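To start, the structure itself, in structure tokens.
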Amino acid sequence: MTDPTQDPRFLQNPYPTYAATRSACPVQPAPTGSGGRPGYLVTGYAEAREALGDPRLSKDTAAFFQGRGSSRHLHPAVAHHMLATDPPQHTRLRKLVTKAFTTGAVTKLRPFIARVTDELLDRWPADEPVDFVAGLAVPLPVIVICELLGVPQKDRSDVQRWSGELFAAGKPDVIDAASHSMADYMTGLIAAKRLAPGTSLLDQLISARDGDDRLSEEELASLAILLLVAGHETTTNFLGNALLALLQHPAERDRLRKNPDEIPAALDELLRFDSPVSTATFRYATRPVTLGGTDIPADTPVLVALGAANRDPQRFPSPDRLDLDRDATAQLGFGHGIHRCVGAPLAKAEAEIALRAVLTRYPGIRLAVPPDRLNWRHTRLVRGLASLPVTL
């Protein structure tokens, strides 16, 4: 199987390729992007869910690449983040940040999210097309996660740029350089906060580093970077993909506009329909694994295509149809198992508030360009729009 992410048609609509791949075999050999290393791609729902929860599939990338040689120069704080660890290290790190993203904690953030959303929409001109991505989908989650972590406003544009560069598929030099820029910045911010402590989540992590939990300096910087990047990248793509789906399904858009209280229940189906994370982060088999009837040798990378799994007709009948009455709570857009996205409650809150505001404020919102002229980000892990021009 060739790498489909190099085909612009795949970036526009990956689902026919996913369907053909899954129909042929839900687990099959494929390029992984790990230095050209062959691996296995999982496209079936049952197989994906099993793989995401299988402890034999390790996330410890440092152990996998040790001694193999690499021309990459990722900063260790980016290369060895929480998502690239296994228990017990992963358990310890996740415990430190989970409380910041509980339902109760997110509820307290809702007034701030709503205020930022309204302020951003107030800037939209009424008489010309607006880029929804640049005008709301990017700045809203960036502002929220930066506020949560205590990143000063003057630094947020740089942070946003480095974060985007970390997902630049096919540009390893750009990714490596961005990893160092982000790590150097975060190291400096941590040092500044030690001199002038505050109440942000990053300040709380620093206290844990200096207290009983004993985060190392690298772990501290790595956690901060992961929360910063993951805290807005997924949500940005979620917002863009969700609004596009509704604009392409006017009856569903009008339904939510007239009944905005139905938006929370619709979020899982919107996540399923066009997952903001196309492929889960790196895993490899620590010993031979049989998945979906396919034997995977030890020491082999495994890529789980969440977008493909969410369109598996064996789990979701008529998967290419957006159905807001569908029970899609089992969708895998945020992953599954111990590595399920810790920030999922925050992402859903931001999506609910943003979609409610846009649909009720702009009842006639529609695409400003034909769907085949939309520009999608060229990245392997996430699926999101580079821009979404809309007419209000």
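Run down A328, A347 and say which single residue is in a loop (DSSP other than H, G, I, E, B) and touching a residue at least 60 places away in the same chain (Cβ under 8 Å). Of the residues listed, the single one that is in a loop (DSSP other than H, G, I, E, B) and touching a residue at least 60 places away in the same chain (Cβ under 8 Å) is A328.
Restricting A328, A308 to those that are crowded, with 23+ Cβ neighbours inside 10 Å, of a type in the set (G, A, S) and within 20 Å of the chain's Cα centre (by Cα) reduces the list to A308. Set side by side, the residues P276, P297 differ, and just one is buried (at least 18 other Cβ atoms within 10 Å of the Cβ) and not aromatic (F, W, Y), which is P276.
The set of residues from segment 354-390 being more than 27 Å from F10 (Cβ to Cβ), among the hydroxyl-bearing types (S, T, Y) and in contact (Cβ under 8 Å) with a residue 40 or more places away in the chain comprises just one member, T360. Residues in segment 86-104 that are touching a residue at least 24 places away in the same chain (Cβ under 8 Å) and in a helix (DSSP H, G or I): H90, T91, R92, L93, R94, L96, V97, T98, A100, F101, T103. Out of L215, L227, L223, one residue alone is hydrophobic (A, V, I, L, M, F, W, C), at pLDDT below 95 and farther than 30 Å from E352 by Cα. It is L215. Within segment 258-281, the set of residues being modelled with pLDDT under 95 and among the hydroxyl-bearing types (S, T, Y) comprises S278, T279, T281.
Among the candidates L392, L359, L381, single out the residue that is at negative phi, at pLDDT below 95, over 21 Å from the mean Cα position of the chain (by Cα) and not basic (K, R).
L392
Does any residue of segment 103-123 turn out to be hydrophobic (A, V, I, L, M, F, W, C), surrounded by 17 or more Cβ atoms within 10 Å (Cβ to Cβ) and touching a strand residue (DSSP E or B) at 6+ places or on another chain (Cβ under 9 Å)? No: segment 103-123 contains no residue that is hydrophobic (A, V, I, L, M, F, W, C), surrounded by 17 or more Cβ atoms within 10 Å (Cβ to Cβ) and touching a strand residue (DSSP E or B) at 6+ places or on another chain (Cβ under 9 Å). Of the helices (runs of 4 or more DSSP H) that lie entirely inside segment 169-268, those containing 1 or more residues that are out of contact with any strand residue (DSSP E or B) (no Cβ under 6 Å at 6 or more places or on another chain), hydroxyl-bearing (S, T, Y) and in contact (Cβ under 8 Å) with a residue 12 or more places away in the chain span 172-195, 217-247.
To keep it simple, each residue is scored yes or no on (1) surrounded by 15 or more Cβ atoms within 10 Å (Cβ to Cβ); (2) of a type outside the set (V, I, T).
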| position | (1), (2) |
| --- | --- |
| A126 | no, yes |
| I145 | yes, no |
| R156 | yes, yes |
| W162 | yes, yes |
| E165 | yes, yes |
| Y185 | yes, yes |
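In this structure, S157 does satisfy being hydroxyl-bearing (S, T, Y), free of Cβ contacts under 8 Å to residues at least 24 places away in the same chain and over 25 Å from L392 (Cα atoms). Quick check: is even one residue across segment 75-96 modelled with pLDDT under 90, touching a Gly at 6+ places or on another chain (Cβ under 6 Å) and within 17 Å of G343 (Cβ to Cβ)? No - not one qualifying residue is present in segment 75-96. With respect to the conditions (1) touching a strand residue (DSSP E or B) at 6+ places or on another chain (Cβ under 9 Å); (2) within 14 Å of Y45 (Cα to Cα); (3) of a type in the set (S, T, Y), T286 falls short on a single one, namely (2). Looking only at segment 29-73, residues that are in a loop (DSSP other than H, G, I, E, B) and either at pLDDT below 80 or aromatic (F, W, Y) (or both) come to 14 in all.
The values are calculated or read from the model by the stated rules, or taken from the named source; none is laboratory data. This is a predicted model, so every value here is computed, not measured. Cβ coordinates were reconstructed from backbone atoms using ideal geometry, including for glycine residues, and neighbour counts include every protein chain displayed.
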